[in-house]
1. Collect the residues in region 48-99 that are at pLDDT below 95, touching a helix residue (DSSP H, G or I) at 6+ places or on another chain (Cβ under 8 Å), surrounded by fewer than 17 Cβ atoms within 10 Å (Cβ to Cβ) and assigned to a helix (DSSP H, G or I), keeping them in residue-number order.
2. Which ones in region 144-169 are at pLDDT below 75, surrounded by 17 or more Cβ atoms within 10 Å (Cβ to Cβ), more than 16 Å from the chain's Cα centre (by Cα) and outside any loop (DSSP other than H, G, I, E, B)?
3. Quick one: which residue in 194, 131 is touching a residue at least 40 places away in the same chain (Cβ under 8 Å), more than 14 Å from the chain's Cα centre (by Cα) and over 23 Å from residue 74 (Cβ atoms)?
4. Quick check on this structure: which one of 110, 34, 131 is part of a helix (DSSP H, G or I) and out of contact with any helix residue (DSSP H, G or I) (no Cβ under 6 Å at 6 or more places or on another chain)?
5. Return the residues of region 81-105 that are free of Cβ contacts under 8 Å to residues at least 40 places away in the same chain and under 18 Å from the mean Cα position of the chain (by Cα); say none if nothing qualifies.
6. Of the residues 202, 221, 150, which is under 26 Å from residue 91 (Cα atoms) and free of Cβ contacts under 8 Å to residues at least 60 places away in the same chain?
């Protein structure tokens, strides 16, 4: 859990042992959904506190800001780079080069803006109690979707942050992570069931596109899967089911 927290957030919980094993160990992948749920809880508290004194829209902004700050915008950055690479032109090598570029292109900027607006709009339509539950479940399910991509889509680079997320035992970690995500989903199992289906579809589509455009996954693809799945879950909770 400490390793997963250190990998996915800026919370200073890393140990000397974690740092030494960062290149080849599993980094607590099975606990990614648990870390996501914790991030969602903190973001939900931010939403509730802000909604009590301002408007639902500003509360949504506060919640997404809390999530971005605590993760160091890790997945948002991945989403931007993935959009630039997958939607851009050129051959596979050129697309991978674009995804490594620290600069954000037009596809990346547009995608990030639309996804963040979608997150905020979905949250603004919810009451604070529902938003809190939605954020906790979205945090868990989106990191579970990340695990799903890790387990099913081959990693294409020889180096990079995504190498540390890969390695052996990926399917075992997916099973354990699925159990953790399932427990979190009990908070609202009816909406969560629909949200999981949406997250699976998003992860599948991201994986298919990544295979076709660059031959597999990168760390940026993992981030894109997490951010898009999070949006999908929030949209499900915003729907009038």
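The values are calculated or read from the model by the stated rules, or taken from the named source; none is laboratory data. Please read these numbers as outputs of a predicted model, since none were measured by experiment. Note that each Cβ is placed from the backbone with ideal geometry, even for glycine, and that neighbours are counted across all protein chains shown.
1. Correct list: 92 only.
2. 164
3. Just one listed residue meets the conditions, 194.
4. Result: 110 is the single residue among 110, 34, 131 that is part of a helix (DSSP H, G or I) and out of contact with any helix residue (DSSP H, G or I) (no Cβ under 6 Å at 6 or more places or on another chain).
5. 84
6. 202
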